[in-house]
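One structure is given below, encoded as C-alpha cells.
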Amino acid sequence: MSGLAWHALPARARAPALDPRHDAFAGWAEATDFNDAQLPGRSGPPQALWLMLELREPAPDQLDPPCAWLHQRAAELPPNWLRLPDSYAQPLLGLESLRFCTALANPDFIRALGDAGRLASQPADLRERLLEIRAAIDRYEIALEGDWWEAATAWETLPRVPGDPLVPLVIGIIDDGLPFAHQRLSWRAADGSRHSRFLSLWNLAARGAPDPQWGSGEVLDQARLDQAIALASDAAGHVDEDAAYALLDMGRLLRHRATHGAHVADLACGMPPPAQAQHGPAIVGVQLRPMESTLCISAGAHLFDALRFVVERADRAGAERIVVNASLGNIAGPHNGSSMFEAAVDALIALRRRPGLTPVELVLPEGNSHLSRCHARARLEATKGMALQWRLRPDDGTSSYLETWLLPEQAGAIAMDWRLTPPGGPALDLSFTLPPSAATPAQEWALRDAEGRTLALFGLHPDPANGNHALGLLTVAPTAPYGPWTYAAPSGAWALDLRQHAGSAPLACSVYSQRDEKSFGHPGRGRQAVLEDKGCDQVYDELGWPRLQDRGDCLIRRAGSINALACGTQVEVVGGLTRQPDGSLAPAPYSSVGLPSDPRANLRKLAISEDSPVLRGIHAAGCRSGSVVALSGTSMAAPQHARRLGQSAAAKAAVPPLALDHNGVARSFVEPDAEQERRSALRRGKP
C-alpha cells in the first residue's frame, strides 16, 4: 500500500499525584472515534462509554466509602458527563473499602482523563469539580459503548440478615444464552406448574431503557421469569419455552440449538427433571451482550459488575455460600494479576472472606490457546534480541492488538531499540529506556495513509493502567471495512525486532496477540492474528498430531498462554483433560497453562473437557429441554469445578485424584459426577 507514513503524536505526560494512569488503548480509541467500543448495530461515534476505575486511597477526612463518594460527586455534575450505577451509592455488604467501580462517561471526559488541558474551555465551577474527580482516579480502562439512564426515584435495599439464611447456596452464571425455563434449571410444583430456579437474571442484551441500579440492561426477578413460564404453559403444564423467552425479549438470544450459557449452566447446576418439589441450588444469572467477536477493549467493566450483581442478589436471598462461574477469557494481558479486572476481583473476594461475611468463590477457565500461536517469550540480553512476525489475515472485520510486556529481571538501566515494519510500508525505528520514572510520558506513533486515516498506532507505555509493567502496544484497524470502519489496513505480516544496548540488564519479554475470534452461536467478523518465528512454530507434526510441547529454540511459546483474566490470587482456575481409550487422562491439546515457573500452577484444577480423542467435547444440555449437545473447551471444565464447590463440606473434603497438565505439574482432578459419567459412558458405547 503506497502513501503510508508514521507520525509522532504528542507525548502523554503524567504528574503522578494528579493524573491517573492512562489506559494504553486510549490513544487508539481517540484517534479512531472510539470505533472499537461501538456496539453492533449502532451508527455514529459513541456518545457514552463505560469505564472501569480504580480510585486512590481516600483522604483521612473523607467519611464516605470511595465508590459512594464518587457516585455522589458524579451525580452533582451536569447531565451526561459522568454517572455511576446506583448500586454504588450503598456499598455491598463488607465492600465499603473497595476502590474499584464502573462508570459511564462522555468522550470529552475520557479525553480529559488523558489531558487535563482539555477542560480549559469549561466553566470554572465545572472544571474544578471535574478536576477533583480526575485527581481521585488512580487508573482507568475504556470499555464498551453505553446509554445514559434516567435517575431512579428510589432504590430498594434489602440487606442480608445474618443468621437467617433463605437459601443455602447460590450458583452464579455469567454467560451468553441462559435458558431460564429449561427443565434442568427449573422445578415442578405439586400442581404441575414449572418454576425457574433463577432468583434473578440480569439481561445485559435488553433493548429497553437501562436499569438505573446497574446502569445497563434489564433485571428480571423470579416472579417475572415464572410469569413468562406460566403464560407459555398449557393446561397440562407443558411449556413452550420459545414463547416464554420471547415474552421477555430473549427469544433472539436463545433461538439456537445450543448456547454456551445453557451448556455451562447445566454442568454447573443442572438437575434431572423432578416429578415434584423444589431442589437444586438457586441460580443468579447474567446474560452477557452478544458480540460479533471475542475481541473487546476491556471486558473487565461488565464482568466486574456482573460479579457484584450475583453477590448482591445472593445477599438478598441470605445465601450461606456463593459460587460464581464465568467461562470467559482473553489472551493478551500482563498475566501477573495486575490487570484492572484481576485486581478488582482479588480485592472483592478477599474482603468477603473476612469473618461474618458470606465468602465468594469465582471459577474461571484456564483458556484454549495452547496451540494458537498467540504467545512468544524471550529473555533479552545485550547479545540476544527478539525478531518476530505478526500475521494479520485478510477479511478481518475487527481491529487487532499486539501487546509486548517488558519485565526487568534485576535492577539496572535498560536501553532498547525497536523496529516495527508494516506489510508494504515503512519501518518505525525508535529507542526506549527502562526503568522509567513515574512521570515518564507515554510515546505514540500513528501509521496513516495518504488521506490521513489512522491505520495503526504503536505506543510505548512506561506505566499503563493495564498492568504493572512497561507495555508496547500495537493496534491495527480491520483488514476489511465493516461496521463503523470505512477503510481497512493492509493484511499480511508485521515485523517486530527488539534489541538491547550493550551493558543493559536482562529482562523477560512476553508478546501476546489478543484473542479475536467469532463468538459462539453468533455471526462474526473476527479472524485471529497469529505470531510466526521463521517456520519453527508449526502446530502439527508430519503425521498431523498436535505438537504439545515447546521447542527450546523457538520464540513461539505454548506455556504462558493462560487466560489473561485468570491470573489473580483469589480465583479458582480450571484446565481441560481428554479421556484416553484406556481410561487414563491427558491434557486437552488446546488447554492453556502458565509458565513452568508459575508458583500457582499446582493450585489450579483439571476437569474432563473431551470424552475421547475422537469424540470432541462433553455432553450437557442444549437450549431446549430434552436436548443434549457436545461442546469443547476449558469453558466446560470450569463449571464442573463450580458444581463441586457447591457440594457439602464432606464432599469437598475428600482427597481428589491428581492429573498432569502440559507442564507436567500434578493438579487436583475434578471427577465428573455420576450423571456426567453416565452420559460419557453412553456416548463412548460403554453403558
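The values are calculated or read from the model by the stated rules, or taken from the named source; none is laboratory data. What you are looking at is a predicted structure, and each value in this text was computed from that prediction instead of being measured. Cβ coordinates were reconstructed from backbone atoms using ideal geometry, including for glycine residues, and neighbour counts include every protein chain displayed. Quick note on the areas: whole protein, heavy atoms, side chains included, nothing else; ligands and nucleic acids left out. Shrake-Rupley method; radii C 1.70, N 1.55, O 1.52, S 1.80 Å.
Descriptive notes on the structure:
- Among the criteria (1) in contact (Cβ under 8 Å) with a residue 60 or more places away in the chain; (2) not in a loop (DSSP other than H, G, I, E, B), the one Asp147 does not fulfil is (2).
- Residues of region 575-594 satisfying the condition of being in a loop (DSSP other than H, G, I, E, B) and open to solvent by 10 Å² or more (accessible area, probe 1.4 Å): Gln580, Pro581, Asp582, Gly583, Ser584, Pro589, Tyr590
- Test: residue in region 70-88 that is surrounded by fewer than 18 Cβ atoms within 10 Å (Cβ to Cβ) and within 26 Å of the chain's Cα centre (by Cα): no
- For Gly424: the one exception among (1) surrounded by 16 or more Cβ atoms within 10 Å (Cβ to Cβ); (2) within 28 Å of Gly535 (Cα to Cα); (3) more than 24 Å from the chain's Cα centre (by Cα): (1)
- Of the residues screened, Val629 is one that is more than 13 Å from Gly576 (Cβ to Cβ), in a strand (DSSP E or B) and either touching a residue at least 12 places away in the same chain (Cβ under 8 Å) or open to solvent by 40 Å² or more (accessible area, probe 1.4 Å) (or both).
The rows are residues; the columns are (1) among the basic types (Lys, Arg); (2) farther than 24 Å from Gly524 by Cβ.
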{"site": "Gln443", "(1), (2)": "no, yes"}
{"site": "Leu447", "(1), (2)": "no, yes"}
{"site": "Arg453", "(1), (2)": "yes, yes"}
{"site": "Gly459", "(1), (2)": "no, yes"}
{"site": "Ala465", "(1), (2)": "no, yes"}
{"site": "His469", "(1), (2)": "no, yes"}
{"site": "Leu473", "(1), (2)": "no, no"}
{"site": "Pro478", "(1), (2)": "no, no"}
{"site": "Pro481", "(1), (2)": "no, no"}
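- Considering Arg667, Arg678, Arg643, the condition of being assigned to a strand (DSSP E or B) and not small (Gly, Ala, Ser) is satisfied by Arg667 alone.
- Sole exception among (1) at pLDDT 95 or above; (2) part of a helix (DSSP H, G or I) for His7, by number: (2)
- Whichever residue in region 201-224 is among the polar types (S, T, N, Q) and part of a loop (DSSP other than H, G, I, E, B) and, among such residues, is surrounded by the fewest Cβ atoms within 10 Å (Cβ to Cβ): Gln213
- Failed item, numbered, when Ala495 is tested on (1) surrounded by fewer than 21 Cβ atoms within 10 Å (Cβ to Cβ); (2) in a loop (DSSP other than H, G, I, E, B); (3) modelled with pLDDT of 95 or more: (2)
- Top-ranked residue in region 360-377 [being in a strand (DSSP E or B) and open to solvent by less than 10 Å² (accessible area, probe 1.4 Å); ranked as farthest from Gly492 (Cα to Cα)]: Val360
- Here the condition is being surrounded by fewer than 19 Cβ atoms within 10 Å (Cβ to Cβ), modelled with pLDDT of 95 or more and in the same structural domain as Ala103 (by the TED database); of Arg56, Arg42, it holds for Arg56 alone.
- Residues satisfying the stated conditions in region 427-454, i.e. part of a strand (DSSP E or B) and open to solvent by less than 50 Å² (accessible area, probe 1.4 Å): Leu428, Leu430, Phe432, Leu434, Ala442, Glu444, Trp445, Ala446, Leu447, Thr454
- Any chance Leu457 is open to solvent by less than 40 Å² (accessible area, probe 1.4 Å), modelled with pLDDT under 95 and of a type outside the set (Lys, Arg): no
- From the list Leu51, Leu39, the one residue that fits, being touching a strand residue (DSSP E or B) at 6+ places or on another chain (Cβ under 9 Å), outside any loop (DSSP other than H, G, I, E, B) and either polar (S, T, N, Q) or under 29 Å from Pro85 (Cβ atoms) (or both), is Leu51.
- Whichever residue in region 225-241 is over 19 Å from Ala314 (Cα atoms) and crowded, with 16+ Cβ neighbours inside 10 Å and, among such residues, is farthest from the chain's Cα centre (by Cα): Ser233
- Conditions (1) over 24 Å from Leu178 (Cα atoms); (2) in a strand (DSSP E or B); (3) within 26 Å of the chain's Cα centre (by Cα); (4) not charged (D, E, K, R): number failed by Ala659: (3)
- For region 611-618, the count of residues that are open to solvent by less than 10 Å² (accessible area, probe 1.4 Å), closer than 30 Å to His238 by Cα and β-branched (Val, Ile, Thr) is nonzero.
- Evaluation of Ala470 against (1) within 25 Å of Arg557 (Cβ to Cβ); (2) buried (at least 23 other Cβ atoms within 10 Å of the Cβ); (3) in contact with a Ser or Thr (Cβ under 7 Å, 6 or more places away or on another chain) (one fails), failing number: (3)
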